[in-house]
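Student: One structure, pasted below without further comment.
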Amino acid sequence: RARAPPTAAMSKKKYRFHGVDVDPEAFAIVVSYTTETPTFDAAGILIGQEAVPGRKAVKVPRGMRPDEIPGVAQEIVERIKYIPHSKINEVEHQLAMLQQYEAQVSGGQDRAQQQQQQAYYQQPPPPPPPGGRHQQGGAFCDQPPSQQPPSQDPWQQPPADRAAKPARRQEPILPDADIRHLDAYQEQLYEEVMENKVSGAKRILRVCTDPQHLEIIADQESLLGVLSRELKENSKKSVELSVSIVCTFLCFSHFSQFHPVLMQHQCGNVIMKVFEYESERHQVRKAEMERRTMRFQELGDKATPEDKKLLVKDEKKYKAQLSRQNKLIFVCLISLLNLAEEISTEKKMVNRKMPALLAQVLERDYPELLLVTLQFVKKLSMFEENKDAMNTPETLSRLVQLASHEDIRIALLTLRVLYNFSFDESIRISLIDSGIVKLLVDLLRNPPFRGIVLKLLYQFSMDDRCKSLMAYHRDGMIMLLQLVVHFPEPRVGKDLVALVVNLATHALAAEVIVGSGLFPQVVVRVIKTRDPLLCKVVRHVSSHDSVLPRMHELLQSENARMAKWMHELVYMAPSCVDNPDLLVEILGTLANMTLEDVPWGELCEAGLIDLLTRVLMPGFSEDDIVLECVMIVGNLALSVESAQYVGNSRVPTLLQQNLVEKRDDEEIATQILYTFQCLLVFDDVREVVLSETELAASAMRFARSQSPAVLEQATRLLQLVADHGGDAEKDWAEQVKAFRFEQHNAAWCRFIARDLNGQASHSPGGCGGYYDDEQSGGEDEEEFRFRCANGYAMDAADLRDRDWGNQDIQQLMHTARQMSLS
């Protein structure tokens with residue numbers, strides 16, 4: 001490969017440090033150094049180097065105290081570029097000599113300070129790095145600064161009463177490296193000595209820390225392949241080498257465009273093998289350590305001091321190995337997490353049991369490793385098969401423990417993982433058994449956790465058991481209501497209000513909500529903000545028969561000053577016709593008010609009847625709204641004050657029209673039939689209803705329904721019509737009697753109809769029925785159902801299979817009455 005042409009950066013001067021001396025006369029320290037200027041040819045090859053020696057004097061302020069020497073030395077090293085930071089101990093030593101010289105000359109130093117200084121001078125200067133070749137600015141380094149022995153300088157270990165000195169500059173973790181020497185670093189990987197391999201790998205890593213170099217290195221056809229091979233072959237021999245190589249791959253994995261290059265050289269596969277091997281090695285070491293601990297415990301009093309000393313030594317060794325292994329697994333998981341951006345790569349990792357391996361890593365206590373592991377678990381848990389693979393009691397118990405971790409980052413990430421898990425009902429039950437509800441209630445007090453805690457509590461609130469537990473934790477319920485009442489925006493946050501809505505469906509929780517003292521403020525907020533979800537909370541609370549009296553009493557009390565709250569809902573409802581979400585909650589709340597002391601008459605005067613007349617127009621409203629309106633009419637019909645308002649309106653006629661239109665909706669049909677029964681309670685209203693509607697015919701139609709609920713209500717309504725129908729224009733009692741005869745003697749009626757030889761057959765009632773049609777072909781086959789005396793049903797297909805003696809089937813399908821639906 002052709003070398004790049006030389007640039008200004010490739011011809012940069014280098015300064016080689018030689019030593020530090022003192023000049024007592026000038027009260028300065030003198031730095032000796034050599035300036036090296038390399039020379040390259042046109043091909044970029046080094047052809048020569050010029051070395052020029054030099055000296056620089058640095059004046060030192062007089063009157064230094066011993067505790068000021070480290071700070072002055074630090075300042076000199078930072079200011080003079082010729083002095084490497086590793087030589088700061090020598091600078092401090094020379095400054096101490098200058099300070100002693102000044103003290104001796106002035107003669108003002110006391111005896112105690114002289115003894116301290118003399119003890120310091122008797123110490124030898126700091127030893128040079130092992131091998132004598134370490135140089136901060138050079139190209140080669142036998143031992144990185146991080147491996148140098150600690151300095152014996154007493155000024156680096158100040159006494160307890162000494163003032164805190166300025167922060168010391170940390171030694172670089174990696175040695176200096178230059179991309180021009182990349183080939184030399186690669187050659188070090190081929191050497192047999194492990195130290196040289198590690199040195200080469202570290203320098204390659206140092207070059208890769210500059211993102212500008214990654215593209216150049218990626219173009220090297222062999223470098224990544226060599227690194228991958230070295231990691232595969234020597235990862236078991238040196239943790240330091242493994243960390244350096246994996247960190248190199250990590251630099252590339254941060255950028256998606258380099259992922260294909262890494263996969264081409266099997267880098268991800270090798271990292272995964274290292275992770276698998278280290279996980280297995282940890283399990284072996286852990287089991288061995290547990291056996292040794294158990295053996296020592298079995299000895300009991302027979303254990304000798306030597307046994308205890310040996311156990312302590314083994315534990316110390318185990319912790320050191322675990323610490324090194326944690327760092328290696330940490331960089332492996334970050335690299336794999338970056339490579340898992342491609343779903344195909346993630347599937348390969350899952351096929352190699354990555355979820356189970358991550359569950360094992362959760363047992364460790366290294367914070368940074370826990371963070372990346374939880375992030376990986378969160379990513380994988382979005383898929384059901386991965387979630388099932390990690391769904392073990394040990395993993396769930398560990399996640400619950402980590403949710404209360406002292407590190408807020410770990411706790412938050414754990415809660416997000418639990419949120420992914422909480423979509424599984426079986427996992428929710430297991431987590432509830434582990435006591436997570438109490439933990440979440442406690443975390444709700446901490447603002448950083450509230451968002452994810454509310455999401456989790458909402459998931460758990462779908463189970464009645466969790467609702468009971470939440471009701472037991474009264475403080476948590478009150479905290480939720482406080483968040484609702486004091487929410488800064490007009491609409492309460494969806495996670496918060498959805499949780500309160502679910503809790504309000506439980507009777508015990510609803511009782512706590514009413515008894516918290518904050519419920520009147522919730523109602524006031526509903527009236528002011530018109531929040532439909534918050535109104536749903538009020539509706540659910542009012543739906544509990546055991547809570548409704550207390551709720552009504554609370555809102556009517558003088559302290560609450562909410563005696564007209566239902567009037568406010570009625571005033572608000574007409575303007576919400578275009579907002580069906582809010583309208584259905586308002587109407588549902590009013591429909592739940594089944595107490596005797598509800599002022600229905602005042603509500604009718606406030607506009608409730610006009611609202612019902614408008615909303616009950618056929619085809620105007622949604623089914624949910626129609627159903628709530630029908631229930632409100634039932635409440636009005638049972639009140640003496642309001643029943644007359646209903647009778648004098650169009651509401652009964654609209655109810656019959658909706659009964660015909662919604663005949664296929666079992667719930668609406670059942671409720672309307674029951675509401676008509678309520679309208680027949682009072683004499684004045686009953687006469688109006690029977691005269692303005694075809695109630696008996698409607699009831700007879702629905703008395704043929706296959707739904708038990710509809711059949712029951714229609715039968716009761718027929719009985720009421722028969723009992724009170726004598727005052728009507730038609731003799732409804734006779735018609736109901738004939739209909740019941742036909743209903744209970746269906747087989748006999750059909751037999752008589754067949755004997756009429758094609759003549760129009762009529763029911764024994766003699767007049768047209770509401771359930772018949774003028775022509776048989778005008779209705780679908782589903783409209784023709786016959787219930788025999790023994791209870792089984794037949795449709796048109798069954799009828800065709802019978803032998804009708806050449807009778808006209810269409811004529812036989814007609815009943816006696818000829819009244820149409822319209």
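The values are calculated or read from the model by the stated rules, or taken from the named source; none is laboratory data. Remember, predicted model here, so these are calculated numbers, not experimental data. Note: ideal-geometry Cβ built from the backbone for every residue, glycine included; neighbour counts use all protein chains shown. With ligands, DNA and RNA removed, areas are computed over all heavy atoms of the protein, side chains included. Shrake-Rupley method; radii C 1.70, N 1.55, O 1.52, S 1.80 Å.
Student: Looking only at segment 497-533, count how many residues are more than 21 Å from residue 594 (Cα to Cα), within 24 Å of the chain's Cα centre (by Cα) and open to solvent by less than 10 Å² (accessible area, probe 1.4 Å).
Tutor: Of the residues in that region, 4 qualify.
Student: Still on this structure, I have one more. Kindly indicate which of 390, 382, 349 is over 18 Å from the mean Cα position of the chain (by Cα), over 28 Å from residue 472 (Cβ atoms) and not charged (D, E, K, R). I'd like the intermediate steps shown before the answer.
Tutor: Numbers: 390 fails: over 18 Å from the mean Cα position of the chain (by Cα); 382 fails: over 18 Å from the mean Cα position of the chain (by Cα).
Exactly one of 390, 382, 349 is over 18 Å from the mean Cα position of the chain (by Cα), over 28 Å from residue 472 (Cβ atoms) and not charged (D, E, K, R), namely 349.
Student: Among the residues of segment 319-344, count how many are surrounded by fewer than 16 Cβ atoms within 10 Å (Cβ to Cβ) and in a helix (DSSP H, G or I). Show your work before the answer.
Tutor: To start, the set of residues in segment 319-344 that are surrounded by fewer than 16 Cβ atoms within 10 Å (Cβ to Cβ) comprises 319-321, 323-324, 341-344.
So of that shortlist, the ones also in a helix (DSSP H, G or I) come out as 319-321, 323-324, 343-344.
Total meeting the criteria: 7.
Student: Taking the condition without any contact (Cβ under 8 Å) to a residue 24 or more places away in the chain, out of contact with any Leu (no Cβ under 8 Å at 6 or more places or on another chain) and part of a helix (DSSP H, G or I), does residue 528 pass?
Tutor: Numbers: without any contact (Cβ under 8 Å) to a residue 24 or more places away in the chain: yes; out of contact with any Leu (no Cβ under 8 Å at 6 or more places or on another chain): yes; part of a helix (DSSP H, G or I): yes.
It is true that residue 528 is without any contact (Cβ under 8 Å) to a residue 24 or more places away in the chain, out of contact with any Leu (no Cβ under 8 Å at 6 or more places or on another chain) and part of a helix (DSSP H, G or I).
Student: Does residue 698 satisfy the criteria of being more than 15 Å from residue 623 (Cβ to Cβ), open to solvent by 20 Å² or more (accessible area, probe 1.4 Å), at pLDDT below 85 and not aromatic (Phe, Trp, Tyr)?
Tutor: Working: more than 15 Å from residue 623 (Cβ to Cβ): yes; open to solvent by 20 Å² or more (accessible area, probe 1.4 Å): no; at pLDDT below 85: yes; not aromatic (Phe, Trp, Tyr): yes.
No, not satisfied.
Student: If a residue must be of a type outside the set (Ser, Thr, Tyr), touching a residue at least 40 places away in the same chain (Cβ under 8 Å) and open to solvent by 50 Å² or more (accessible area, probe 1.4 Å), how many such residues does segment 672-692 contain?
Tutor: So the first thing to find is which residues in segment 672-692 are of a type outside the set (Ser, Thr, Tyr), and the list is 672-673, 676-690, 692.
Next, only the ones that are touching a residue at least 40 places away in the same chain (Cβ under 8 Å) stay: 672-673, 676-682, 684-685, 687-690, 692.
Filter once more, keeping what is open to solvent by 50 Å² or more (accessible area, probe 1.4 Å): 681-682, 684, 687, 692.
The number of residues fulfilling the criteria is 5.
Student: Within segment 593-623, work out how many residues are of a type in the set (A, V, I, L, M, F, W, C) and either open to solvent by 40 Å² or more (accessible area, probe 1.4 Å) or not in a helix (DSSP H, G or I) (or both).
Tutor: At the first step, the residues of segment 593-623 found to be of a type in the set (A, V, I, L, M, F, W, C) are 593, 595, 598, 600, 603-604, 606, 608-609, 611-612, 615-617, 620.
Pick out the ones that are also either open to solvent by 40 Å² or more (accessible area, probe 1.4 Å) or not in a helix (DSSP H, G or I) (or both) and you get 593, 595, 598, 616-617, 620.
Result for segment 593-623: 6.
Student: Quick check: is even one residue across segment 300-308 within 23 Å of the chain's Cα centre (by Cα) and either among the aliphatic types (A, V, I, L, M) or surrounded by 13 or more Cβ atoms within 10 Å (Cβ to Cβ) (or both)? Talk me through it step by step, then tell me what you get.
Tutor: Pass one, segment 300-308, residues within 23 Å of the chain's Cα centre (by Cα): none.
Taking every residue of segment 300-308 in turn, none turns out to be within 23 Å of the chain's Cα centre (by Cα) and either among the aliphatic types (A, V, I, L, M) or surrounded by 13 or more Cβ atoms within 10 Å (Cβ to Cβ) (or both).
Student: Suppose we keep only residues that are farther than 23 Å from residue 696 by Cβ and within 46 Å of the chain's Cα centre (by Cα) within segment 632-666. Which one would you say is most open to solvent (accessible area, probe 1.4 Å)?
Tutor: Taking the candidates together, the pick is 635.
Student: Here's a follow-up. Mind checking whether some residue in segment 454-463 is of a type outside the set (Gly, Ala, Ser), in a helix (DSSP H, G or I) and closer than 15 Å to residue 516 by Cβ? Outline the logic, then answer.
Tutor: Within segment 454-463, the subset of a type outside the set (Gly, Ala, Ser) is 454-460, 462-463.
Next, from what is left, pick out any that are in a helix (DSSP H, G or I): 454-460.
After this cut, where a residue has to be closer than 15 Å to residue 516 by Cβ as well, the list is none.
No, segment 454-463 has no match at all.
Student: Consider only pairs whose beta carbons are under 8 Å apart and that are at least six residues apart or on different chains; among these, list those whose first residue lies in segment 305-328 and is farther than 24 Å from residue 280 by Cβ and whose second residue is open to solvent by 60 Å² or more (accessible area, probe 1.4 Å) and among the basic types (Lys, Arg).
Tutor: 311/292
Student: Where residues in segment 541-578 are at pLDDT 90 or above and not in a helix (DSSP H, G or I), which of them is most open to solvent (accessible area, probe 1.4 Å)?
Tutor: For segment 541-578, the residue satisfying everything is 545.
Student: Another one. So residue 7 fits all but one of (1) assigned to a strand (DSSP E or B); (2) within 60 Å of the chain's Cα centre (by Cα); (3) modelled with pLDDT under 80; what number is the exception?
Tutor: Unmet for residue 7, out of (1) assigned to a strand (DSSP E or B); (2) within 60 Å of the chain's Cα centre (by Cα); (3) modelled with pLDDT under 80: (1).
Student: If you check residue 100 against the conditions, is it open to solvent by 20 Å² or more (accessible area, probe 1.4 Å), part of a helix (DSSP H, G or I), within 19 Å of residue 67 (Cα to Cα) and modelled with pLDDT of 50 or more?
Tutor: Numbers: open to solvent by 20 Å² or more (accessible area, probe 1.4 Å): yes; part of a helix (DSSP H, G or I): yes; within 19 Å of residue 67 (Cα to Cα): yes; modelled with pLDDT of 50 or more: yes.
Yes; evaluated as a whole, the condition is true for this residue.
Student: Are there any helices (runs of 4 or more DSSP H) wholly within segment 195-300 with 1 or more residues that are more than 20 Å from residue 334 (Cα to Cα), and if so which?
Tutor: Working: elements: 211-218, 223-234, 239-253, 259-264, 267-299.
Because the criterion is at least 1 residues that are more than 20 Å from residue 334 (Cα to Cα), the helices (runs of 4 or more DSSP H) in segment 195-300 that meet it are 211-218, 223-234, 267-299.
Student: Using beta carbons and a limit of 7 Å, which pairs, at least six apart or on different chains, have the first residue in segment 456-467 and without any contact (Cβ under 8 Å) to a residue 40 or more places away in the chain and the second one not in a helix (DSSP H, G or I)?
Tutor: 460/422
Student: Does any residue of segment 381-388 turn out to be at pLDDT 90 or above, among the acidic types (Asp, Glu) and either buried (at least 17 other Cβ atoms within 10 Å of the Cβ) or assigned to a loop (DSSP other than H, G, I, E, B) (or both)? Reasoning before the result, please.
Tutor: Here is the first cut: in segment 381-388, the ones at pLDDT 90 or above are 381-388.
Restricting the remaining residues to those that are among the acidic types (Asp, Glu) gives 384-385, 388.
Adding the requirement that they be either buried (at least 17 other Cβ atoms within 10 Å of the Cβ) or assigned to a loop (DSSP other than H, G, I, E, B) (or both) leaves none.
No, segment 381-388 contains no residue that is at pLDDT 90 or above, among the acidic types (Asp, Glu) and either buried (at least 17 other Cβ atoms within 10 Å of the Cβ) or assigned to a loop (DSSP other than H, G, I, E, B) (or both).
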